[in-house]
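Notes for the one structure printed next.
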Amino acid sequence: MHLLFSSVYSFIHSFVLFLCEGFGVDQLRDDNLETYWQSDGSQPHLVNIQFRRKTTVKMLCIYADYKSDESYTPSKISVRVGNNFHNLQEIRQLEMVEPSGWIHIPLLDLVNNPIRTFMIQIAVLANHQNGRDTHMRQIKVYTPVEESSIGKFPRCTTVDFMMYRTIR
């Protein structure tokens with residue numbers, strides 16, 4: 001079974017995070033694995049993603065590279081969702097051991113349906129080698145692709161249709 005996802009960056013209202021000058025939101029979204037967001041301050045380091053409207057999301061992907069970032073690489077993260085900062089609930093917590101590449105985090109409810117949310121918070125709870133600040137190279141948020149009436153084509157099997165189904 002193939003899963004189809006669509007990026008939801010066009011629906012994101014804001015990225016809110018603490019950052020080191022020159023290593024901000026643009027680097028998280030630039031599709032360049034050589035650039036990164038760098039936190040500034042004490043842990044937990046937070047990345048808050050807010051949507052303009054309640055959005056169905058199915059997958060969160062984070063790119064991390066231990067070989068490049070060493071002690072700046074997250075080793076334990078928490079993913080929380082909710083309507084706002086006051087009702088965030090943790091839906092995933094994961095430990096990463098020297099990650100290299102994309103980490104795929106399904107965002108599903110108790111019956112394996114994609115979640116609907118106004119906000120996603122990624123909390124970096126710990127880094128490798130007890131590092132203080134964090135590097136994240138890329139973050140992507142995906143929603144399931146839904147079929148629309150525009151994308152569906154009827155099954156046409158009439159003789160008239162069959163005459164014109166190919167280009168000569």
Treating only the Cα positions of the stretch 64-123 as identical point scatterers, give the base-10 log of I(q)/I(0) from the Debye formula at each q in 0.13, 0.23, 0.27 Å⁻¹. -0.41, -0.94, -1.09
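With r defined as the distance between the Cβ atoms of Asp31 and Asn112 and R0 fixed at 25 Å, what FRET efficiency is calculated, to the nearest 0.05? Walk me through the numbers on the way to the answer.
Details: r = 29 Å, r/R0 = 1.17.
E between Asp31 and Asn112, to the nearest 0.05, is 0.30.
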To the nearest 10 square angstrom, how much accessible area does Phe85 have with a 1.4 angstrom probe? 100 Å²
Computed FRET value (nearest 0.05) for Val145 with Arg92, which takes r as the C-beta separation and R₀ as 22 Å: 0.50
At Ser100 and Arg53, where each label point lies 7 Å from the Cα along Cα→Cβ, what is the point-to-point distance in nanometres? 4.4 nm
Residues with amide H under 5 Å from that of Tyr36, placed H, sequence gap 5 or more: none
Coarse-grained scattering of the stretch 18-149 at q = 0.15, 0.18, 0.22 Å⁻¹, given as base-10 log I(q)/I(0) from a Debye sum over alpha-carbon atoms: -0.70, -1.00, -1.41
Rank Thr56, Thr158 by accessible area, highest first, at a 1.4 Å probe radius? Thr158, Thr56
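The values are calculated or read from the model by the stated rules, or taken from the named source; none is laboratory data. Bear in mind the structure is a predicted one, so any value in this text is a computation, not a measurement. Glycine gets a Cβ as well: all are built from the backbone with ideal geometry, and neighbour counts include every protein chain shown. Ligands, DNA and RNA are stripped out before the accessible areas are found, and what is left, the full protein with its side chains, is counted by its heavy atoms. Shrake-Rupley method; radii C 1.70, N 1.55, O 1.52, S 1.80 Å.
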